[in-house]
Structure formats: C-alpha cells, structure tokens
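Asker: What follows is a structure written as structure tokens; I'll ask about it next.
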Amino acid sequence: MSYVHPLSTNEIPDAPLIADVRADQDQSNLSAVAWGAVFAGAATAASLWMILMILGAGLGLSSIPLWLNGDMTAGTVGVATIAWLVFSTIAASGMGGYIAGRFRTRWYGVPRDEVWFRDTAHGFLAWAVSALVTAAVLTTMIGSVVNNGIKAGAEVVDAAPGAELTGVRANGGGTSDPLAYYIDALYRTNTTDGQRYTPSAAVTAEISRVFTKGLLQGSLPAVDVRYVGATVAEQTGLTQDDAQTRVADTFAQLQNQTKELETNARVLAEQARKAAATATIWLFISLLSGAFLASLLAIYGGRQRDE
C-alpha cells in the first residue's frame, strides 16, 4: 500500500532559512526607536535654536538706533522679531528632524508605510526632546509675555482717578506730592514784593486729602469748596466767591488731567494686552510648524539613509 501526499510538490511551502529566522528574531528584539538618533537630533535642534536666537538678539540690538531715530517703527520691529522667532524655530527643528532620520538604525524587512511612520515619529521625538531641553528658556519667555499682559490690565486699576495720588498720605504733602502744583496755584497772588504765601506741609496735606476724596467721588462737595475757598480768600485777599471759583476751576483742571491719564493708561494697557496675545499665538504657531517640519525632514533623512 503506497502513501499519497495530499499536496503536490509545487504547493509545499519552502521552509525558512535558518539565517532568515535569526534575522527576524534579532529584529523583533530591537526597539523601533533609535534613541541615539533622537538625542542627536534634539541636541542639534536645541543648539541651533539657541545660536539663532542669540544672533536675532544681536540683530535686534543693532536696530535700536534706527528705531530711536524714527527710521523704523515699533510695528516693524515687532514683525521682524516674530518673523525671526518663527524662522529660528522652524530651521532648528527641521535640522534636528533631518539628523534624527539620517542617523537612525536601518530597518530590514519593514514595510515602506511603517518606515515612513517610524521616521515621522523619530522627527517628532527629536523635536519634543529639544523642546524639553529648551523648556527653561521658553518658560521664561512665555511667562514674561503672559505676565506683561496681566500686569497691563492691573495698570488700569492703578490709573483710576486719584489712585496715583495716594502718595499724599505717605509724604505729608511734600514736594513729591503730585497735587502740590495745583495747591500752590490756589494761593497765587499778583504781588511781586516777595510776601507771597507758601502753604505749609500741614495745609498741603489737608487740601490734598480733600482733592483726593473729591477725585474718588467724581466731584468736590460744596462744603469742601467753601472750606478751601475760605483759606484761599484769607491768604490771597480774594473774595469768598472768587476764591471758591478758583477752587472749583483748579479742581476741574486736576480732574481733567486725571481722566486724560486714565485714558492713556487704558490705551497702553490694551496695546500691551494685544501684543502679549499676538506674541503667544505666534510662539504657538512657530512651535507647531517646527514639529511638522521636523517630522517631514526626518522622512527625507531616513530615505537618504536607506539609499
């Protein structure tokens, strides 16, 4: 009785060679991430970014005289700074991704799609590690931008009517009192014989408190107008009505100046807020672009490595 094999000779699969089996086993024991290449790319990206930022700082410092002379506007300087930040981040990240892809270990028996994915991952890992290396510098930069935006809003509160005049209570109405000019204007006379009245520190401090409270309330009460007008009339020879008119006019000038300062402070605060928001957005865009370019150039470097 003869035995018939169920499969023909042509249908029997070839047994794998011992060398192929060993190669597959060796590949399965290897990690898909070439950390040496990743760290090399990250070091390249971090170093190149630092060099470019130092160069940008030098170019920025050299442009200060042009800005001060009016040859360059603040907007031009801001656009140039943002453009250099984006360029530096993209260039450094791209070079780091290329180095990571070019230096990675060559894979055998790996499908082409898987090779592309791994190269992309190597470029992204190189960018991520370089971002962590430069985290201290970036944290300082981002923190400065965000804090400037927050502090700008706080300046609006400090610029509220009468807020800048709180130093009156601290210095007792001395020469550093911002209300001293207006108080001196209350007691001006037309005499030139040198017998002009100079209000004492106590008088200056008292009137400063009266004016400060009026600024906080938005108007000077009539009782305060009469009281201050009486002291002005006593020292200048004006009638009570004229003295009260002078007090009201002086307070109105002070109130207008305070409102103007508040408006200017609000404008500056809004400009600072917009600048902080713009800088933060462009910093995000530059980092995102750097991650994309690092991943893309890692594929290009990997292809050159396998050729």
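Asker: Excluding D224 itself, what net charge comes from residues whose Cβ is under 12 Å from its Cβ, given Lys and Arg +1 and Asp and Glu -1?
Answerer: Taking every other residue near D224 into account, the sum is +2.
Asker: Using a basic spin-label model with each label point 7 Å from the Cα along Cα→Cβ, how many nm lie between E270 and A128?
Answerer: 4.3 nm
Asker: How far apart, in nm, are two points set 7 Å out from the Cα along the Cα-to-Cβ line at M50 and at E260?
Answerer: If labels sit at M50 and E260, their model points lie 5.1 nm apart.
Asker: Report the label-to-label distance for F117 and A252 in nanometres (one decimal), using points 7 Å from each Cα along the Cα→Cβ vector.
Answerer: My value for the distance between the label points is 7.9 nm.
Asker: If the chain between Y108 and T239 were fully stretched, how many nm would it gain, using 0.36 nm times the residue separation less the Cα-Cα distance? Can you show the working numbers first?
Answerer: Values: separation 131, 0.36 × 131 = 47.16 nm, distance 10.47 nm.
Once the chain is fully extended between Y108 and T239, it gains 36.7 nm.
Asker: How would you rank 235-246, 93-104, highest first, on the average number of other Cβ atoms within 10 Å across their residues?
Answerer: Highest-to-lowest ranking by the protection proxy: 93-104, 235-246.
Asker: Cβ neighbours within 10 Å, averaged per peptide: list 283-289, 262-268, 178-184 in order, most packed at the top.
Answerer: The densest-packed peptide leads the list: 178-184, 283-289, 262-268.
Just so you know, all these numbers are worked out from the coordinates, no wet-lab data involved. Computed from a predicted structure; not experimentally measured. Note that we place each Cβ from the backbone using ideal geometry, even for glycine, and neighbour counts take in every protein chain shown.
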